[in-house]
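K.L.:
Pasting a structure below so you can have a look.
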């Protein structure tokens, strides 16, 4: 799915690069043309971002998947590990001769 998304975005990348090149090579430096080109580039970037963000991709990004796992697994594991941690601390205290 990521490959399909990237293929769908490639024409937009090409159009943005072409518009940027034309803008940089332009001999017209009047305010209106600069503002118009800047708005066009911003619009192209917004369209790219919109398509990129709404295009379905699988597998989930690692960041999102990691957060999901942490949200689900940590509350389950915490009650199970607290007795083990307490036993480990007690064992270390006994080994060191601490009360």
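K.L.:
What is the helix-to-structure angle for 62-96, meaning the angle in degrees between its Cα long axis and the longest Cα principal axis of the chain, kept from 0 to 90 and rounded to the nearest 10?
P.N.:
30 degrees
K.L.:
Largest first and to the nearest Å, give the Cα extent of the chain along each principal axis.
P.N.:
83, 31, 16
K.L.:
Further question: Under 8 Å for C-alpha pairs, at least 6 residues apart: give me the relative contact order for the stretch 1-58, rounded to a whole percent.
P.N.:
Once normalised by length, the contact order is 65 percent.
K.L.:
To the nearest 10 degrees, how steeply does helix 2-25 sit against the main Cα axis of the chain, on a 0 to 90 scale?
P.N.:
Approximately 50 degrees, to the nearest 10.
K.L.:
Quick check: the angle from helix 31-54's long axis to the longest principal axis of the chain, C-alpha only, nearest 10 degrees?
P.N.:
So the helix axis and the longest Cα principal axis differ by about 40 degrees.
K.L.:
When the helix-only estimate is applied to the chain (DSSP H runs of n ≥ 4, each -39,500 (n - 2.57), divided by the residue count), what is the mean residue ellipticity at 222 nm, nearest 500 deg cm²/dmol?
P.N.:
Computed mean residue ellipticity for the chain: -30000 deg cm²/dmol.
Read the figures in this text as sums done on the coordinates, not as results from a lab. Small disclaimer: the values here were computed from a predicted structure and weren't measured.
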